[in-house]
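Visitor: Pasting a structure here, questions to come.
The values are calculated or read from the model by the stated rules, or taken from the named source; none is laboratory data. All figures in this text were calculated on a predicted structure; none of them were measured in a lab. No Cβ is skipped: glycine too gets one built from the backbone with ideal geometry, and neighbour counts run over all protein chains shown. Calculation scope for accessible area: heavy atoms of the full protein, side chains included, ligands and nucleic acids excluded. Shrake-Rupley method; radii C 1.70, N 1.55, O 1.52, S 1.80 Å.
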Amino acid sequence: MVAQLIATDLGGLHVERMGSGSPVMLWHSLFLDSRSWCGLQDELARNHCVFVIDGPSHGRSQPVGRDFTFDECASAAEQVLDGLGLDEPVDWVGNAWGGHIGIQLAVRLPSRIRTLTTIGTPAHPLRPAERWTKVWPLVQLYRFTGPNPLLLKPLSDALVGSESSHLAPDLVKTVMSGFIDAPKDAMYHAMRSMMLNRPDMTADMAGIAAPTLIIAGREDITGWRPADAQAVADTMVDAKVVATAGSGHSSPLLIDRARVLQSITEFWARTDHNHPAK
């Protein structure tokens, strides 16, 4: 394993590299960090060169002391690809926030993305009622109190799902520590920027040419379930939906990782068959 800090307009982004072969990029969910992949990166690295990115203000990446945009995140991701010297298209795997960044890259820079996999990544924006009655109060609560218990419970339910606390309590503790240990000011700006200002990406997804795998939890409490994902996939050129266990955006990685791994590897194999290298 090799780790490095890649300079971007959103500060240095920490990237770990493991394995060898065609390049795979992993970008985690908002609030969490690279520990939330729960070993999936090691499985993928058996046959690929896997790059695991900590997003701006998360994990071992540098904190950003201001609000920032999805466009800036996509540009930072591009700068990471350039900084790593990756000229060939990559297989992008994103969990929630990481999926949103992958969507933006696939739209803006289609030549850089060979395939796109999203896990627990809603295409729709927050509904107004959800924004002002649930999310905005949580952001403000965090601003003044940090990761207190009143905030941690609903956030943990949305991210890892209540079922994970019973099925994989040690993993939940490890995964949620990415949020608990984050620099408070930097995480506040990331929450404001990415939660409250997430755009509607349904039209973006309809314009994606790259083969796309959409993984959605059957019981996702935020309203992004397999049927919702399928409605978006039906508008796309080449998209497949896979249903997994879990009620949170990152639940599949904690309690249904074998299904996630199988789905991704089969998806890549199908893509290789349908689009052989020239």
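Visitor: If the Cβ limit is 7 Å and pairs must be 6+ apart or interchain, which residue in region 128-156 that is farther than 14 Å from ASN197 by Cα and hydroxyl-bearing (Ser, Thr, Tyr) pairs with which residue that is open to solvent by 90 Å² or more (accessible area, probe 1.4 Å) and not in a helix (DSSP H, G or I)?
Guide: none
Visitor: Moving on. For LEU213, indicate whether it is under 17 Å from the mean Cα position of the chain (by Cα) and crowded, with 21+ Cβ neighbours inside 10 Å.
Guide: yes
Visitor: Given the criterion in a strand (DSSP E or B) and either open to solvent by 20 Å² or more (accessible area, probe 1.4 Å) or in contact (Cβ under 8 Å) with a residue 24 or more places away in the chain (or both), identify the matching residue among VAL64, VAL50.
Guide: Going through VAL64, VAL50 in turn, the sole match is VAL50.
Yes/no per residue for (1) in contact (Cβ under 8 Å) with a residue 60 or more places away in the chain; (2) touching a helix residue (DSSP H, G or I) at 6+ places or on another chain (Cβ under 9 Å); (3) within 22 Å of VAL90 (Cβ to Cβ):
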position: ALA210; (1), (2), (3): yes, yes, yes
position: GLY223; (1), (2), (3): yes, yes, no
position: ASP228; (1), (2), (3): yes, no, no
position: ALA233; (1), (2), (3): no, yes, yes
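Visitor: In region 86-122, which residues are in a loop (DSSP other than H, G, I, E, B) and over 18 Å from LEU261 (Cα atoms)? Break it down into steps so the answer makes sense when it comes.
Guide: We begin by selecting, within region 86-122, every residue in a loop (DSSP other than H, G, I, E, B); these are 86-89, 96, 109, 120-122.
If the condition is that a residue be in a loop (DSSP other than H, G, I, E, B) and over 18 Å from LEU261 (Cα atoms), then LEU86, ASP87, GLU88, PRO89, LEU109, PRO122 are the ones that fit.
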